[in-house]
Amino acid sequence: MVFSKRKMKQFLAFGVTIVLVICLYKSWGSPTNGMSHYAYDDDDNAAIGAADNTAVDQANRRVGSSPERLVLSVADRNVHRQHNSIDGASDDANGGVPLRPDDVERVLIQNKLRSFRKGPSVMKNRRIDPLHDDLTLDDPEQETRLNELHEAKRQILELERKIQELEGRIPRKYPDVTFLNYKNRKRILITGGAGFVGSHLVDYLMMQGHEVIVADNFFTGRKRNVEHWLGHENFELIHHDIVNPLFIEVDEIYHLASPASPPHYMYNPVKTIKTNTLGTINVLGLAKRVGAKVLIASTSEVYGDPDVHPQPETYWGHVNPIGPRACYDEGKRVSETLSYAYAKQEKVNVRVARIFNTYGPRMHMNDGRVVSNFIIQALQNQSITIYGSGRQTRSFQYVSDLVDGLVALMASNYTQPVNLGNPVERTIQDFAEIIRDLVGCKSKIIELPAVEDDPQRRKPDIARAKKYINWEPRVPLQEGLMKTIDYFRKELARSNHSQRNIFVPETTEFRNLL
């Protein structure tokens, strides 16, 4: 009997505990916080609902809750709380406010955005019921739209690339040039201004703030040498052969038009002679009409294979008038004669510069000159070829030094010919070894038969340049060669026209401006 009473008391205590737990459960809501509507089934299905709820939570953690499950969960929770509440009112966390349609729409949109962030792989693994989620696309339609987006992106990138390529062809930014008023600014014509020396002279005069007009027939010159000035208000490019007259208004003329390397001027000897005779006549006639000052670019070739060493301006030269180099040598000699004839008869203000061997960036790669030949052969690990014994001597000046000399001669009042060259003399053999060492290759130096009428010694006497125009070369050979080698290395690495290789020379005036 005692045992029965004890069992009865325990049973009543257990029943009271169960009642209290149920009351608290109904009063405070489900401890699962509404994550799944399966937890709100009737009492007789409580165990099954709990098991299903665990399985659903695991699945949701793997692939994310679908929008229809989220909406049904929220809706079922709201309905259960309204019916199971003690006083019949909702005990939702929102203060008893029923679920509104915009809440359902908000849940759908948030879940849709979350699904797109997870990527198309998650969307493909989920089965979407359009009856419950009309905002989510079917898999085929979604893939179609993604493909369209990728294609549109590809086309946009292609258009951007084409725009950049077109903008690269027409430079829109120019160096900051010096501003000159109308009293100090000059209109300067440079014949052959797209060539090696002419293009560097263009850069120099443009940076000084002058208006520069280039006339070139592009036989050896290239438009790419001056393309960085195309479109500038102070620059004009004329495709013109100076063998034909030119009618423009200018203040100064630099007459540089003529092929200068043996392979080029021997290619068409008659044309070379006409350029240096008829072309010079046209330039001097233009200077006479408009009262312009003229600088004639002569050459050290007027000395031929000299008997005097070094060569002063008073030396008359030793030239073969019928040799293979005569078209250039005699053409320049006639050009000087014409200049002083116009100066004496027509009072034209002339200057004559006798230019010695010059090197630097923008040299033509196939001009056959010593510097370009040696550098190209060394960069390509080919044998360096020397014509003759290699004991013949040359003196090489960097192009910026020559430009400084041309400008200084034009600005001076000295009218007699002036040598512009480097008085440091080196043999061709030594020069080939220097270039080979600077490039860092192991090319062999081989000798080929000598060229006809090739001068054996060449060294300028620049005493007149030092005295009257205060000029002498300043760029060391090693420094100039390294800049030239770097230019040719970039030229050899180019594979298309869009790979620009623009070089702005660092002349004395250019360095001062910077």
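The values are calculated or read from the model by the stated rules, or taken from the named source; none is laboratory data. The model shown is predicted, which means the values in this text are computed figures rather than measured ones. In this analysis, Cβ positions are derived from the backbone assuming ideal geometry, glycine residues included, and neighbour counts consider all displayed protein chains. Ligands, DNA and RNA are excluded from the accessible area calculation, which covers all protein heavy atoms including side chains. Shrake-Rupley method; radii C 1.70, N 1.55, O 1.52, S 1.80 Å.
Within the range 315-340, which residues are among the small types (Gly, Ala, Ser) and farther than 23 Å from residue 407 by Cα?
Just the residues of the range 315-340 that are among the small types (Gly, Ala, Ser), to begin with: 317, 323, 326, 331, 335, 339.
Of everything in the range 315-340, those that are among the small types (Gly, Ala, Ser) and farther than 23 Å from residue 407 by Cα turn out to be 317, 323, 326, 331.
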Exercise. Looking at (1) in contact with a helix residue (DSSP H, G or I) (Cβ under 9 Å, 6 or more places away or on another chain); (2) within 14 Å of residue 388 (Cβ to Cβ); (3) crowded, with 16+ Cβ neighbours inside 10 Å; (4) not polar (S, T, N, Q), which is the only condition residue 488 fails?
Worked result: (2)
Exercise. Of the residues 433, 447, 452, which is of a type outside the set (Gly, Ala, Ser), modelled with pLDDT of 90 or more and either in a helix (DSSP H, G or I) or surrounded by fewer than 21 Cβ atoms within 10 Å (Cβ to Cβ) (or both)?
Worked result: 433
Exercise. When the residues of the range 207-255 are filtered to those that are of a type in the set (Gly, Ala, Ser) and within 18 Å of residue 186 (Cβ to Cβ), which remaining residue is modelled with the highest pLDDT?
Worked result: 215
Exercise. Which residues, taken from the range 121-157, are assigned to a helix (DSSP H, G or I), open to solvent by less than 90 Å² (accessible area, probe 1.4 Å), at pLDDT below 50 and not hydroxyl-bearing (Ser, Thr, Tyr)?
Worked result: 122, 123
Exercise. Just to be sure, is residue 165 at pLDDT 80 or above, open to solvent by less than 100 Å² (accessible area, probe 1.4 Å) and assigned to a helix (DSSP H, G or I)?
Worked result: no
Problem set entry | Hits in the range 363-380 - residues which are open to solvent by less than 10 Å² (accessible area, probe 1.4 Å) and in contact with a helix residue (DSSP H, G or I) (Cβ under 6 Å, 6 or more places away or on another chain) | 363, 374, 375, 378
Seminar exercise, completed: Considering the range 214-240, residues that are among the hydrophobic types (A, V, I, L, M, F, W, C) and closer than 13 Å to residue 257 by Cβ, and then whichever is most open to solvent (accessible area, probe 1.4 Å), we arrive at 219
For this session: Select, from 323, 331, the only residue that is of a type in the set (Gly, Ala, Ser) and either at pLDDT below 90 or part of a loop (DSSP other than H, G, I, E, B) (or both).
Result: 323
Seminar exercise, completed: Filtering the range 336-376 for residues that are over 31 Å from the mean Cα position of the chain (by Cα) and of a type in the set (Phe, Trp, Tyr) leaves a count of 3
For this session: Evaluate the range 385-404: report whether one residue or more is more than 22 Å from residue 302 (Cα to Cα), in a strand (DSSP E or B) and open to solvent by less than 60 Å² (accessible area, probe 1.4 Å).
Result: yes
Exercise. Which members of the range 247-286 meet the condition of being among the aliphatic types (A, V, I, L, M) and in contact with a His (Cβ under 9 Å, 6 or more places away or on another chain)?
Worked result: 283, 284
For this session: Hey, can you tell me all the residues within the range 412-430 that are among the hydrophobic types (A, V, I, L, M, F, W, C) and either assigned to a loop (DSSP other than H, G, I, E, B) or in contact with a Leu (Cβ under 8 Å, 6 or more places away or on another chain) (or both)?
Result: 418, 420, 424
Exercise. What number of residues in the range 469-483 are open to solvent by less than 20 Å² (accessible area, probe 1.4 Å), under 13 Å from residue 401 (Cβ atoms) and not in a loop (DSSP other than H, G, I, E, B)?
Worked result: 1
Seminar exercise, completed: In the set 511, 500, the lone residue that is modelled with pLDDT under 80, under 31 Å from the mean Cα position of the chain (by Cα) and in a helix (DSSP H, G or I) is 511
Exercise. When only residues in the range 324-356 that are surrounded by fewer than 18 Cβ atoms within 10 Å (Cβ to Cβ) and touching a Lys or Arg at 6+ places or on another chain (Cβ under 7 Å) count, which is nearest to residue 310 (Cα to Cα)?
Worked result: 349
